[in-house]
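Presented below is the structure to which this report refers.
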Amino acid sequence: MINFLLRRLLNAVPTLLLSSILVFFIIQLAPGDFLTPARLNPNISAERIADLQRNLGLDRPVVVQYWLWLTNMLKGDFGLSFAYQQPVLDVAWPRIVNSLYLVLPYFVLYYLISIPLGVYGALRQNSFGDKALNVVMYILLGFPSFFLALLVIFGLLQLRYKTGWDIPINGLTSDNYTSLNPLGKFLDIAKHVAVPALVLAIGDAAGLTRVIRGQMLEYMRADFVRTARSKGVSEFSTVYRHTLRNALVPIVAGIGGLLPAAISGAGFIEVVFAYPGITPMILDAINTQDLFLIAGFTMLTVFLLIIGNALSDILLSVVDPRIRYA
């Protein structure tokens, strides 16, 4: 296992280097730069534009900019955000933490919904419940998550209008958050993330539920399951120890993507619910061509993806004893 981890570490070096080249130079391919709006403003002089270019390092050749960014990144410095005039990590970290508040409950709900429903669909194949579940899942698969979120917000607004219930539908905290005690602050954040996390989990669970149902049906007809039943193994052990364990192997293989996904936020759900996560900030950074903020955050996700894939491989060897790493 140690040799496997060392090989993964060595393989990560060229992967990170190539990723940094692609990320940095692909961003540079976009027309204009951070100062393009300033150049179009007749009230800003050419001398002022030249000063800003020099201060931001945009007057240097692109290769020099990349080399300076790469060498600084090796020291833990991901660069300076043009828009915020602060180090990238100082700007991005509070937004990453906000996104984690939303994404971690989403992960829990996602698997709590998908796995039981997938197992139920396989064990009750073609029953009324299975068919009804399939219809709902097919409908959810056709719904973009942000559209489902808009429908939920409309429903909650109608409910609030008729009942007077104060159901949070935007933001991360209430106006009186700073005056609450620690338990009150926790409950306040929990109330605000509950709806977007549930909407995201329900929308995404449709796909995973179908995958688990298909995997379960395939393994339930496998020879080793029939052999287990013929030897008198209990139905519970046959389903949950032999069938479900093998059916979850492809899901475990994809767990590596959860680490970068955890800091990448909830996508357009954060925008629809006006949630102060990482997605709105990255969209603003793309719009303003905040080079180092985009590149620094992207490299952080690539680094976490490499770690996540190594963890996935380790977990696979735990779930499936046939997998061994020399």
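The values are calculated or read from the model by the stated rules, or taken from the named source; none is laboratory data. Predicted model only: the values in this text are computed from it and were never measured. Methodologically, a virtual Cβ is constructed for each residue, glycine included, from the backbone with ideal geometry; neighbour enumeration extends over all protein chains shown. Note: areas computed on protein heavy atoms with side chains; ligands, DNA, RNA excluded. Shrake-Rupley method; radii C 1.70, N 1.55, O 1.52, S 1.80 Å.
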So in the stretch 208-228, with the set limited to residues that are more than 20 Å from Y120 (Cβ to Cβ) and among the charged types (D, E, K, R), which one is most open to solvent (accessible area, probe 1.4 Å)? R226
Only one of L208, L198 is modelled with pLDDT of 85 or more, of a type outside the set (D, E, K, R) and in contact with a Ser or Thr (Cβ under 6 Å, 6 or more places away or on another chain). Can you tell me which? L208
Condition first: polar (S, T, N, Q) and within 27 Å of L104 (Cα to Cα). Can you find one or more residues in the stretch 236-243 that meet it? no
List the pairs whose first member sits in the stretch 30-50 and is outside any loop (DSSP other than H, G, I, E, B), whose second member is among the β-branched types (V, I, T), and whose Cβ atoms are under 7 Å apart, counting only residues at least 6 apart or on separate chains? A38/I44; A38/I49; R39/I49
Here's a check for you: in the stretch 256-272, which residue that is in a helix (DSSP H, G or I) and at pLDDT below 75 is farthest from the chain's Cα centre (by Cα)? G256
Which residues, counting only those in the stretch 298-320, are among the small types (G, A, S) and open to solvent by 10 Å² or more (accessible area, probe 1.4 Å)? A310, S317
By residue number, the members of the stretch 64-78 that are β-branched (V, I, T) and either touching a strand residue (DSSP E or B) at 6+ places or on another chain (Cβ under 7 Å) or farther than 14 Å from L17 by Cα (or both) are V64
Close pairs (8 angstrom Cβ cut-off, 6 or more residues apart or separate chains): within 14 Å of P196 (Cβ to Cβ) in the stretch 152-179, open to solvent by less than 40 Å² (accessible area, probe 1.4 Å) and of a type in the set (F, W, Y) anywhere: I153/F273; I169/F273; N170/F273; N170/Y275; G171/F273; G171/Y275; L172/Y275
Going through N72, N55, N11, N98 one at a time, which residue ends up being of a type outside the set (A, V, I, L, M), surrounded by 11 or more Cβ atoms within 10 Å (Cβ to Cβ) and closer than 29 Å to V193 by Cα? N98
Is there any pair with a first residue in the stretch 71-89 that is under 14 Å from T298 (Cα atoms) and a second that is open to solvent by 60 Å² or more (accessible area, probe 1.4 Å) and modelled with pLDDT of 80 or more whose Cβ atoms are under 6 Å apart and which are 6 or more apart or on different chains, and what are they? F78/L89
Across the stretch 273-297, what is the number of residues that are in a helix (DSSP H, G or I) and open to solvent by 40 Å² or more (accessible area, probe 1.4 Å)? 5
